[in-house]
Each structure stands twice: as C-alpha cells, then as structure tokens.
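A quick write-up on the structure given underneath.
The values are calculated or read from the model by the stated rules, or taken from the named source; none is laboratory data. Nothing here was measured: the structure is a model prediction, and the numbers come from that model. Here the Cβ is made from the backbone with ideal geometry for all residues, glycine too, and neighbour counts use every protein chain on show. Accessible surface areas use protein heavy atoms only, side chains included; no ligands, DNA or RNA. Shrake-Rupley method; radii C 1.70, N 1.55, O 1.52, S 1.80 Å.
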Protein chains: 2
Amino acid sequence: MRIAVVAPSCPLKREAAERVQNIVAKRGNCELVIHPQCFLAEGHFAGPDGARLAALSEVMADPSVDAVWFARGGYGSNRIAEAALAKMPEAARAKTYMGYSDAGFLLAGLHRAGLSVAWGPMPQDALREGGEAAVRRALDWLVLGEPSALEPGIEAPAMAFNLTVLSNLLGTPLEPDFTGVDLLIEDVSEQLYRIDRTMFHVTASPNIRRVARLRLGRVGDIRPNDPAFASNEQAIVEDWCRRAGIHFGGRADIGHDARNKVVPFGARFR
Amino acid sequence: MRIAVVAPSCPLKREAAERVQNIVAKRGNCELVIHPQCFLAEGHFAGPDGARLAALSEVMADPSVDAVWFARGGYGSNRIAEAALAKMPEAARAKTYMGYSDAGFLLAGLHRAGLSVAWGPMPQDALREGGEAAVRRALDWLVLGEPSALEPGIEAPAMAFNLTVLSNLLGTPLEPDFTGVDLLIEDVSEQLYRIDRTMFHVTASPNIRRVARLRLGRVGDIRPNDPAFASNEQAIVEDWCRRAGIHFGGRADIGHDARNKVVPFGARFR
C-alpha cells in the first residue's frame, strides 16, 4: 500500500515526519510518500493556497497512491477544499482519505462527493506524548483494516467532526447529509461559552437534527471562562440535544490526543 | 421617553448603571428603568435563562416602555431569543430595541419578526475609556433621533453584526433576510485565523451573498496568531468578498469601543 502525505492546513514538523517514517520502515507493509509541500510555510499555512491545492490535486490524481493522509490540522483546508473537489480526477475515487480536526472540511467535501474518508490520527500526532501509538493505530486501519483501531461504539453510517469545524462548514458547499448518522464531535482549546454557542448553532440545523444520535468525544484544553461557566461540556451538549430533539448517545472515544480512534464515514467500515 | 434596560446575556456592573443614570438625570428628557435582573449572576450569565427571559418578556409586554436597551453583551441572548419571540405580546411591536455584540442574536430575531431594532452602544459601555460619550450617543438616537449618532455611511436597508455572532446565527430561526442590505461587521478578541475561517463560513451563505455590500468595522484586541497570520483583517475580508462575489464597500465606523455608532436595521432611520 502506498500512502501519500500532504498538508492542506499547517506545516508538518520534520521530526514528526521522521518518526512516522521510522514506524513505517519497521512495519514493512506500506510505503509512505511525504510530499515536500508538507514542509512549506507561508504565515499560518503550509505554503500558499496554490501550493497546498497543487499538492493535494497531484496525489488525488496519482493512480499509484492508495491512500491520502493529511499531515496535520491547524487551519486552512477550507480555503482549498472547493477547488480540490471541482476538478476531481477519476483516480481520486479509488483512494481512502484520513485526517481530523481542520481536515474535517476536506473529509466532509470528499465524503459528500462519494469518496471514502475516515476521521483518524495524523502524522503530526507522532509528536504527542504517546502519539506513536496513534500513528500506528491510523496505519493499522489504513493498511490492514484493523477493527481495534475503530472507535468502539460506532454504528454505521457514522461521521466525526471537530465541533467548531462542523459549525463552520454548515451552509457551505462542503456540508454532507447527516440523515441517520452516528455523529461524533470533539473540540479543543475553546472556552465553554464558545462550546455552548457553537452547540446552539449546530443543533439549530435541520440537517443535523436528522442524525441518528450525537455522541461527545473529549473536549481538551478547555480555556478559562471568566466568570466560571457553571456547567461542563457534557451538560452543555446534552442540553442542546434535548432542546433540539436530538438523541444524545453518550461519550465517544475521539479527541485531540494520542487515544483518538478511527471513524470511517458512511456505511463503509473499510 | 421611557427606556427599560434588561440583560439577556451577562450582568451589568453597578458602576456602569450609576454612570448611565447620572447621564440620564442630567439630560432630563428620558427615564431609564434598569430592571433588577441586570444585576443577577449565575455562572456566565445575568441570572438563569428563565430569569433573563422573564425580564425581557416583561419589558416587551409593558405598554409604558418605549425602548428596550440591552445592558451589555458577553454571551447568552441566543439561549432565550427563540422563546422571547415565540410569545411576542402586541405591545412589543411599538418599541425600539438597541444593543450590539451578543445582543445581535436578539436584534436579528426581533428584526426578522418585523420589530424596530438598532445596533448601538449599551449601558455597560459607560465603563470604557471615553465610554460616556458612547452612552450619550445611544441616548441621542433613542430619544431624539439625532442623525450624528448614526454610522455615517449607511445606506438603508442596513444591518450590523459582530462577525462571530453572525456566523453563529446563520441557519438558525433568528437569521434575517440579507437581500440588498448594507451589512456592517466587526469583531473583537479573536485570532486572525478565526476571522478568516468565520469569513469563509459567512460568505458561503447564499443569503449573505445577496447583500448590497459588506463593510468592515473595527476588529479590536486581535489575539496573537502563532505563527503570524501574514495578512490583516481588511485583506481577509476583501479576499472572501472577492471569492464570494460580494461587493466590499470599505470600512465602517462601528466596533467594540467608545466610538461605536448607531445602525438602525432595515429601512427605518427613525
């Protein structure tokens, strides 16, 4: 299996790339092609929009590539997602795409276009405490279809999103159909009042209200709220689900951390 | 003129209330009734949802009240907006409603329901450096219809929103019709990558794309972006307007500051 790594958002750290290549070398069951675009830097992004789009389009069009693995999140994939989808080569349809966080913009658009996508750990996760296990988990699923890599509770069709990314893709051409979906959300580095406001926005969507259930992953690195919000992330999510008539399905095993699991979108569990 | 102050979001500071009452006493052309709910505090909010809703509903239903002035922003008016609109008393229609920032959720919903609303300074602004001028400006417009209080470039129909609030009300029952509107936006205490992401979301809306033009107020207290975003707020807004086919109409004289001007929504300039 040949896996191409591109960075539609922020640059990949060299050290992360080395660690992931070491893991891949030890496995011996796949080849990892890290596109040089991953190391570009222009302000916030891994190179200008044009360079990020060109790298993504290149690996999408390459018939020798079996999977496209997004290097990391941050911010910026939304800036090139529509253009990448507009000129979709036929070879793009025979691959699996994996990432999470900001890559959710691309996962949404690619899934909507009928391609095979999955939420899952990314190469940059190699730098997290215990993150090499996350990288191995992603590869176990991409290369071997290993069931233990999957979020344990998913009932197909499933999807997973960073809550803030989800909020920002509603109403855009990237928004997928949520009917009957086991929808997993998580978030990181937000204040609780923002989580509350974003849940208001997301649960007002008639499309989101058609999910089978909504489950809450981990909300990490919650930023201070002044004064204290007097609630917590689960109570907030349950409250908005109740108001919107959405079935709250409990907690989910995803998040911006080394334990993050794989969630293939739609009916395909590989 | 009788002006009622309620706090649908966060609590009003006692000191701000005193300063505003002093200004009103000196004017002698209006009466300010500050509802005791303004000083409640429950976690983030000026009392629980029920108390904030009850106070708002009470002043909306009171025929002796000519204007409802939202005490301050923060966060929370979205949590009670739909309920306030659902049981709208007839007396609510004969008043003007003023506020900005988080109060935008209410301005949007009340305007959509056909009521007279305006973006403008709030009582809590009395605590800002130079903020008493902002309070006088709001009263000049509410009580006297003073034209110099207005944002100088507005072409009716106009609307003004905090960009992040606008993003969070799109797709909700509070979303007004933006067709032909002179839309003014501003923001505060955000990182530039968030401004960029929010502009992506907002300008993807077909409703927003029907504005006559979009103008940018002040983006204050921009939080550090690591690495530097390599752009600025005006370039970001112009870029997304260009991508979306929205006419960028230049800068606007609104913001989270003492210079903030009044923007009556819709065709009514009073």
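Points worth noting:
- Excluding ligands, DNA and RNA and using a 1.4 Å probe, chains A and B jointly bury around 2900 Å² of accessible surface, summed across both partners.
- Whole-angstrom gap from segment B:7-28 to segment A:25-71, using each part's C-alpha centre: 57 Å
- Relative contact order (%) - segment B:57-163, alpha-carbon pairs under 8 angstrom, separation at least six: 25 percent
- Among the listed pairs B:Lys95/B:Lys261; A:Lys13/A:Lys261; A:Lys26/A:Lys261; B:Lys13/B:Lys87; B:Lys26/B:Lys87; B:Lys26/B:Lys261, those whose Cα-Cα separation exceeds 26 Å are B:Lys13/B:Lys87; B:Lys26/B:Lys87.
- Cα gyration tensor category, rounded, prolate or oblate, for segment B:176-270 with a/c compared to 1.5: oblate
- Under 5 Å, built H, 5+ apart or other chain: amide partners of B:Arg251: B:Leu216
- Leading residue at positive end of dipole, segment A:122-270 (Cβ point charges), from A:His201, A:Asn168, A:Gly245: A:Gly245
- The mean number of Cβ atoms from other chains found within 10 Å of a Cβ in peptide B:191-198 is 4, as a whole number.
- Area accessible to solvent at B:Met122, 1.4 Å probe radius, in Å²: 10 Å²
- Modelled spin labels at A:Asp49 and B:Asp49, positioned 7 Å past Cα toward Cβ, are 3.9 nm from each other.
- Carbon + sulfur, % of accessible area of chain A - ligands and nucleic acids excluded, 1.4 Å: 50 percent
- Largest accessible area first, the listed residues B:Arg243, A:Arg137 line up as B:Arg243, A:Arg137 when surface is computed with a 1.4 Å probe on the assembled protein chains.
- Counting only other chain Cβ atoms within 10 Å of each residue's Cβ, the peptide A:199-210 averages 3.
- Residue-averaged [θ]222 nm for chain A, counting only DSSP H segments that reach four residues, each worth -39500 (n - 2.57): -10000 deg cm²/dmol
- Stretchable slack from A:Asn22 to A:Ser148, in nm (0.36 nm times residue separation minus alpha-carbon distance): 43.1 nm
- With respect to the axis relating copies B and A by rotation, the chain B residue whose beta carbon is closest, plus that distance in Å, is B:Gly171, 3.
- Karplus-derived HN-Hα couplings along segment B:20-25 (A = 6.51, B = -1.76, C = 1.60, θ = phi - 60°), whole Hz, x at Gly and Pro: 5, 5, 5, 4, 5, 4
- Rounded to the nearest 10 square angstrom, A:Phe248 shows an accessible area of 40 square angstrom against a 1.4 Å probe.
- Counting only other chain Cβ atoms within 10 Å of each residue's Cβ, the peptide B:160-171 averages 3.
- Residue-level accessible surface for A:Arg14, protein heavy atoms, 1.4 Å, Å²: 150 Å²
- Solvent-accessible ranking of A:His256, A:His201, largest area first, probe 1.4 Å: A:His256, A:His201
- Between the beta carbons of A:Lys87 and B:Ala83, assuming R0 = 60 Å, the FRET efficiency works out to 0.80 to the nearest 0.05.
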